[in-house]
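What follows is one structure encoded as structure tokens, with my remarks underneath.
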Amino acid sequence: MQPPLIMVVDDDVDFLDLTRRVLEKAGYRVACFTDLHEALTAMAHDTPDVIITDLMMESLDAGFSFSRQVKEDSRFSGVPIVMVTAASSQRGFDFRPQGSDDLASMRVDAFLEKPVSPKSLLSKVEALIASRKRAVEDAS
């Protein structure tokens, strides 16, 4: 059985590299993308177990658009998405969700602010994988 696949989508190659190293060291397979369209295309061939995506890439709301596309596609609607952003610290915007309703409206399952500590990232990924596994087992 293959280890879980984590897809990371961000236009910051340094974040991609660091995140890849953290996740691979923890035993995950990792696919990194700087382009949203390429990430969506790749998902058709290998569905990730978790997606980590930046909020602001080509546009201020590119991450929201991406997560909406993923969640509206029946093939991927159950894939957990972690939104990461530095918008609060770099631009003064506050996108932090205040509860589960905010997360649902963002079409994400978790939200982390950059810089993300490796421990927080791994903890969130592990929790989402465990939750998804329970949901799949319950549906069986």
For the list (1) of a type outside the set (D, E, K, R); (2) in a helix (DSSP H, G or I); (3) modelled with pLDDT under 95, I need the number of the one condition that residue 60 fails. (2)
Qualifying residues in the range 6-53 (those that are small (Gly, Ala, Ser) and more than 18 Å from residue 84 (Cα to Cα)) - the one modelled with the lowest pLDDT: 44
Output for Cβ contacts, cut-off 9 Å, separation at least six or different chains, first residue more than 11 Å from residue 49 (Cα to Cα) in the range 121-140, second assigned to a helix (DSSP H, G or I), reads 121/19; 121/22; 121/23; 122/22; 122/23
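Conditions (1) more than 22 Å from residue 113 (Cα to Cα); (2) under 11 Å from the mean Cα position of the chain (by Cα); (3) surrounded by fewer than 19 Cβ atoms within 10 Å (Cβ to Cβ); (4) not small (Gly, Ala, Ser), marked per residue:
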{"site": "35", "(1), (2), (3), (4)": "no, no, yes, yes"}
{"site": "40", "(1), (2), (3), (4)": "yes, no, yes, yes"}
{"site": "43", "(1), (2), (3), (4)": "yes, no, no, yes"}
{"site": "49", "(1), (2), (3), (4)": "no, yes, no, yes"}
{"site": "52", "(1), (2), (3), (4)": "no, yes, no, yes"}
{"site": "57", "(1), (2), (3), (4)": "no, no, no, yes"}
{"site": "60", "(1), (2), (3), (4)": "no, no, yes, yes"}
{"site": "72", "(1), (2), (3), (4)": "yes, no, yes, yes"}
I need a count of the residues in the range 63-107 that are at pLDDT 85 or above, of a type in the set (A, V, I, L, M, F, W, C) and not in a loop (DSSP other than H, G, I, E, B). 7
Of the residues in the range 109-140, those that are closer than 24 Å to residue 62 by Cβ and at pLDDT below 85 number 0
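The values are calculated or read from the model by the stated rules, or taken from the named source; none is laboratory data. In this text, all values refer to a predicted model and were calculated from it rather than measured experimentally. Cβ atoms come from the backbone with ideal geometry, glycine included; neighbour counts cover every protein chain shown.
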